[in-house]
Amino acid sequence: MSPTAEDPVLAVQDLRVTLPSRQGRLAVVDGVSLELRAGEILGLVGESGCGKSMTGAALLGIAPGPSGQVSSTAMRLGDLDLAQLDERGWRRIRGSRISMVFQEPQTALDPVFSVGNQLQEVIRRHRQFNRRQARTAAADMLASVGFADCARVMRCYPHELSGGIRQRILIAMAMVCHPQVLVADEPTTALDVTTQAQILHLLRDLARRSGTAVLLITHDLAIVEAICDRAMVMYCGRISEEGPTRALMQYPRHPYTAGLLAAMPRLSPGQVEPVKGIPGSVPAPGQRPPGCSFSKRCERADDLCRSQVPVLHGADPAMPAAVHRHACHHPLVHPIGSVTA
Ligand SMILES: Nc1ncnc2c1ncn2[C@@H]1O[C@H](COP(=O)(O)OP(=O)(O)O)[C@@H](O)[C@H]1O
Ligand code: SF4
Ligand SMILES: [Mg+2]
């Protein structure tokens, strides 16, 4: 059967990332399944230490250090079986079919090469282009991320540019080979609010125009609200809730999502409402309680929560990705008719 627009470009089942410890191997990513469709932006959100960056890196075949291990029961990028790739195979597709943008625009660019050089280097690594073709493609890409004077930007060195401009260039580098998937890990965290908004709109615009599917990793639900079509909430290496952004934010079922929402600063006329944080902090991978890993911070926790791991309710592979799912024994209840699933 030929692929349709509804087919996911990336489909991952039961992704696990493990690290060695004195207690045996610990799962920092513990059974994450996700699907991404062309042009959509999926937010992966949660507090620091929940396993978001490990998940993002694993999607590019990157394990945490030499003793970290990545596994899954299925991992496909279009017609390509990622689970079968060796390191050489990953190098061929990283930066071309699937690429990544990180939080730190400072360190991700090489200080000794001009922007033009670095951009052309990415193109020539993946495409059989001569210098002139690579230069033209680089200039075209810079124009599509909003630079008017591409020739001048190409001559610049990273230290001559602001954080926002550098991040724009990194996005250009990640997108220049027209990847099917872009993983953006906290791409705006280091930027001021205005620049942050510009970069987020650029990402949304690029995803829509190019059809690239974006996994946007963030600790900030306001960013999810601003640009994501769907969201997955991650806690202690697992997905605690997922669904269309609006449904998830208006009618959160999982107490952790509700806690993140309550911790979001909101402006009401004339004042900023006080923010209610979630008590406690994310336990380290070796200190997670049995059963639901959120139980020590949850007002609803009971013996069932403390003994049995809640599974994603409705996590049936045959169900459409737009479904709202939660992994909680005692989910929040909303008025009849207001909830999608
Ligand atoms: N190199 C490492 N060795 C051992 N544990 C690590 C390493 N890097 C991260 N971790 C742990 O793995 C967990 C997930 O980290 P990470 O994916 O970076 O979380 P996030 O991006 O959500 O902040 C955290 O608990 C962190 O302490
Ligand atoms: S399973 Fe229990 S402890 Fe976990 S989030 Fe739900 S109610 Fe809270
Ligand atoms: Mg991170």
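For segment 183-204, which residues satisfy the criterion of being aliphatic (A, V, I, L, M), buried (at least 22 other Cβ atoms within 10 Å of the Cβ) and within 16 Å of ligand 3 (Cβ to nearest atom)? Scanning segment 183-204 gives VAL183, ALA184. Of all residues in segment 62-71, none satisfies being within 20 Å of THR218 (Cβ to Cβ), more than 16 Å from ligand 2 (Cβ to nearest atom) and among the hydroxyl-bearing types (Ser, Thr, Tyr). Filtering segment 14-58 to residues that are more than 15 Å from ligand 1 (Cβ to nearest atom) and among the polar types (S, T, N, Q) leaves only SER33.
Restricting attention to segment 279-299, the residues being buried (at least 18 other Cβ atoms within 10 Å of the Cβ) and away from ligand 2 (no atom under 14 Å from the Cβ) number 1. Being closer than 16 Å to ILE41 by Cβ and within 16 Å of ligand 2 (Cβ to nearest atom) is not true of GLU186.
Looking only at segment 121-142, decide whether some residue is within 22 Å of GLY211 (Cβ to Cβ), touching a Cys at 6+ places or on another chain (Cβ under 8 Å), part of a helix (DSSP H, G or I) and β-branched (Val, Ile, Thr). Checked against the condition, which is being within 22 Å of GLY211 (Cβ to Cβ), touching a Cys at 6+ places or on another chain (Cβ under 8 Å), part of a helix (DSSP H, G or I) and β-branched (Val, Ile, Thr), segment 121-142 yields at least one hit. When GLY39, GLY49, GLY56 are screened for being at pLDDT 95 or above and within 14 Å of MET232 (Cα to Cα), only GLY56 passes.
Of the residues ALA11, ALA63, only one is farther than 24 Å from LEU200 by Cβ and either away from ligand 1 (no atom under 11 Å from the Cβ) or surrounded by 17 or more Cβ atoms within 10 Å (Cβ to Cβ) (or both); which? That would be ALA11, the only listed residue that is farther than 24 Å from LEU200 by Cβ and either away from ligand 1 (no atom under 11 Å from the Cβ) or surrounded by 17 or more Cβ atoms within 10 Å (Cβ to Cβ) (or both). Residues that are among the acidic types (Asp, Glu) and farther than 24 Å from ILE41 by Cα do occur in segment 100-110, at least one of them. Applying the criterion of being closer than 17 Å to TYR157 by Cβ and buried (at least 22 other Cβ atoms within 10 Å of the Cβ) to the residues of segment 100-117, the residue that is modelled with the lowest pLDDT is PRO105.
The values are calculated or read from the model by the stated rules, or taken from the named source; none is laboratory data. This structure is a prediction, so every number in the text was calculated from the model and none was measured. Because the Cβ atoms are built from the backbone with ideal geometry, glycine has one as well, and the counts that use them run over all protein chains shown.
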